[in-house]
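This report concerns only the one structure given below.
Read-outs throughout are calculated quantities, based only on the coordinates presented, and are distinct from any laboratory measurement. Computed from a predicted structure; not experimentally measured. Glycine gets a Cβ as well: all are built from the backbone with ideal geometry, and neighbour counts include every protein chain shown.
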Amino acid sequence: MYLLFCGLSIQSQNNTLVILSESGNPFFLSVNNELINKNAQSNVKVFNFNIGWNHILIKIPNKEQSFKDSILLSNKSKFLNKEFTYVLLDKEGKLTLQFKSVSEQSGPETPPLPEAPKETVPLVDNSIYGNLYQAVNNKPVFYKNFDTETSTCKTALTDKDIKYALTLFKKANDTEAAYRYLNQIVELNCYNVLQLKELLESTPIDMDRLNSAKKAYTHLSDKQNANTLLVIFKYPTMKESYTSFIKEQENIIKQKNMNCKEPISDSNFEELLNKIKKAPYENEKVVVAKKLLVDVCLSSTQAKKMSELYTHDREKMELLKSAYNVLTDKNNAPVLADEFQFKETKEDYLKYISQ
């Protein structure tokens, strides 16, 4: 049986043939002895269908059914670059092809891919970025003005630098990029509370403001005014969290100024332990312990005994971090890493005391 397209002009290599299975059964299609689909499909499309005779072979997998036919594409018609659709019928175990339609082509063999978006950062002239960053390959490279050992800066930011930062945030590609730039500026510079307030107000999420405010605390030139930042938080829980953080930082400074040499007596230590034990939950025990550790000095042995009041690594970590500042034998602090259950927590603790 021959299917003849008379009066259809088909330009070579620019036509497509589609064969659909009416029953939905998948099949293999070969054209001119070339297998079109390596996996059986119920809808097969042939690109670059040639002028002239094209020999068709259809096979149904797992069945002894096959179908041969030939389609002639003429080059003397007004139709060019079209898609010809046939339906594969299965009538009482006998396969036949039935012409369905001629239409515009439904798509190229390889769909065009859109160009990847290009990251553009509004950096052109290095002379307008002040002490914050310079443009390298059209991206901001931030200056490191903060010295972690001395907690001081070679160059303090000016109000003009803060305006440069706010302009950069506004012109960033998205809020994530803007927040990334914010944290880089916060971590690499020194500033006063009012300057930090302007920077933090550029990000709309309360939790992001809180996290960045905590990172910025040691960089403030006027830490005594840190409570001024409470107004930037919308939710009371964020205000409470930052207030507790400030108090904790003040306690750390007080602990370090104690310059501990002698641990408290065993009797006083037992009294301290009993006060902690009275708290009903582990997180409350941590709060009580941190308050008590502001005014006492401990040995590493006493710190170890105190850590045994806690079951989980998280609470032990908080306790031992606070206790480190009042240890009389800090050289033995690494031994306390054995109190943690998980390797990651041990590594975090050792990293903390090394810094």
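Just order 330-339, 257-266 by mean Cβ neighbour count inside 10 Å, highest at the front, would you? Kindly include the intermediate steps, with their values, before the conclusion.
On the way: 330-339: 14.8, 257-266: 12.1.
Put in order of decreasing packing, that is 330-339, 257-266.
Can you tell me the 0 to 90 degree angle between the C-alpha axis of helix 313-324 and the longest principal axis of the chain, rounded to 10?
40
Quick check: the angle from helix 266-277's long axis to the longest principal axis of the chain, C-alpha only, nearest 10 degrees?
Once rounded, the angle reads 40 degrees.
Rounded, prolate or oblate, given the Cα gyration tensor of the range 126-251, with a/c below 1.5 counting as rounded?
Oblate, since a/c reaches 1.5 and b/c is not below a/b.
Of Q302, V287, L319, which is farthest towards the positive pole of the range 274-322's charge dipole, taken about the Cα centre with +1 and -1 on the beta-carbons of Lys, Arg and Asp, Glu respectively?
So the residue furthest toward the plus end is Q302.
Counting Lys +1, Arg +1, Asp -1, Glu -1, what net charge surrounds V326 among other residues with beta carbon under 12 Å of its beta carbon?
Local net charge: +3.
Local charge sum around V296 (other residues, Cβ-Cβ under 15 Å, Lys/Arg +1, Asp/Glu -1)?
Around V296, the surrounding residues sum to +1.
Which listed residue (V87, T155, L220) has the Cα farthest towards the positive end of the charge dipole for the chain, taking +1 on Lys and Arg C-beta and -1 on Asp and Glu C-beta about the Cα centre?
V87
Against the longest alpha carbon principal axis of the chain, how many degrees, from 0 to 90 and to the nearest 10, is the axis of helix 159-171 turned?
Roughly 30 degrees between the two axes.
Return the calculated 222 nm mean residue ellipticity for the chain, to the nearest 500 deg cm²/dmol, obtained by summing -39500 (n - 2.57) across DSSP H runs with n ≥ 4 and dividing by the residue count.
Roughly -11000 deg cm²/dmol at 222 nm, from the helical runs in the chain.
Find, among the chymotrypsin sites (Phe, Trp or Tyr not before Pro) in the range 255-355, those assigned to loop by DSSP (not H, G, I, E, B) with at most 14 other beta-carbon atoms within 10 angstrom.
Taking the range 255-355 and a limit of 14 other Cβ atoms within 10 Å, the loop chymotrypsin sites (Phe, Trp or Tyr not before Pro) found are Y281, F342.
State to the nearest 20 debye the size of the charge dipole of the chain about its Cα centre, where the only charges are +1 on K and R beta carbons and -1 on D and E beta carbons.
Values: 46 positive and 44 negative charges, 109 e Å.
Approximately 520 debye in magnitude.
Quick one: net charge of P26's neighbours, Cβ under 13 Å, K/R +1, D/E -1?
Cβ neighbours under 13 Å give a net charge of +1.
Let me make sure I get this right: for the range 239-355, a, b and c are the square roots of the gyration tensor eigenvalues over alpha carbons, sorted descending. Under 1.5 in a/c it's rounded, otherwise prolate if a/b > b/c, else oblate. Which is it?
It is rounded, given that a/c, with a ≥ b ≥ c, falls under 1.5.
Return the tail of the calculated pair distribution for the chain, meaning the percent of Cα-Cα pairs more than 35 Å apart.
That fraction is 57 percent.
Starting from the Cα gyration tensor of the range 231-291, take the square roots of the eigenvalues, sort them a ≥ b ≥ c, and report rounded, prolate or oblate (rounded when a/c is under 1.5, otherwise prolate if a/b is larger than b/c, else oblate).
oblate
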